[in-house]
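Here is the structure we will look at, set down as structure tokens.
The values are calculated or read from the model by the stated rules, or taken from the named source; none is laboratory data. All values derive from a computational prediction rather than experimental measurement. Glycine also receives a Cβ, built like all others from the backbone with ideal geometry; neighbour counts cover every protein chain displayed.
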Amino acid sequence: MGLIFSLAPDLDLFYFYLVDGRRTPHHDYWTHAPLFWLAAAALTVLALSLAGKRQYLIFVGIAFANVLLHLFLDSIAADIRWLYPFSDIRFNLVEIPARYQPWYLNFILHWTFAAEMAICVAAVWAWGSEKV
């Protein structure tokens, strides 16, 4: 479940490619707005509490934590509007310069890609060591 929600903000890529025609940066969609996910988590907690299903609240916490992790990692090298809709200020740690063609080489050849791959390797290692 955590893995599914860690990918949830990027579900907007279907809209980005199939409907929008890549006109709007996909980090500008509501799926990359942290306050949207906070509101969704709060409403889910409320609904579960009112329904007497408090034992499922841990899953809301796991889902929300994974969404926030996704947005935090996006903030390293991409613009995320952490305060949207109250502010359009974009936050990121580093800018990736456009030096190479095709465009995706700029990301693959940047140090941040190596950092993301290290996180993936660590996750696979942790998952594999849990299975032993």
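Observations
- TRP82 being modelled with pLDDT of 95 or more, within 21 Å of PHE16 (Cβ to Cβ) and not in a helix (DSSP H, G or I): yes
- Residue count for region 1-36 under the criterion of being of a type in the set (Phe, Trp, Tyr), more than 17 Å from PHE72 (Cα to Cα) and in contact (Cβ under 8 Å) with a residue 40 or more places away in the chain: the result is 0.
- Restricting GLY2, GLY21 to residues that are under 24 Å from ILE119 (Cβ atoms), surrounded by fewer than 16 Cβ atoms within 10 Å (Cβ to Cβ) and at pLDDT below 95 narrows the list to GLY2.
- Applying a threshold of 7 Å to beta carbon distances and a minimum spacing of six or more residues, or different chains, the list of pairs starting in region 51-79 at a residue that is touching a residue at least 60 places away in the same chain (Cβ under 8 Å) and ending at one that is surrounded by fewer than 17 Cβ atoms within 10 Å (Cβ to Cβ) reads ILE62/MET1; ILE62/GLY2; ALA63/MET1; ASN66/GLY2; VAL67/ALA8.
- Residues that are surrounded by 17 or more Cβ atoms within 10 Å (Cβ to Cβ) and part of a helix (DSSP H, G or I) within region 29-58 comprise THR31, HIS32, PRO34, TRP37, ALA41, listed in sequence order.
- Failed item, numbered, when HIS27 is tested on (1) more than 22 Å from ALA115 (Cα to Cα); (2) within 13 Å of the chain's Cα centre (by Cα): (1)
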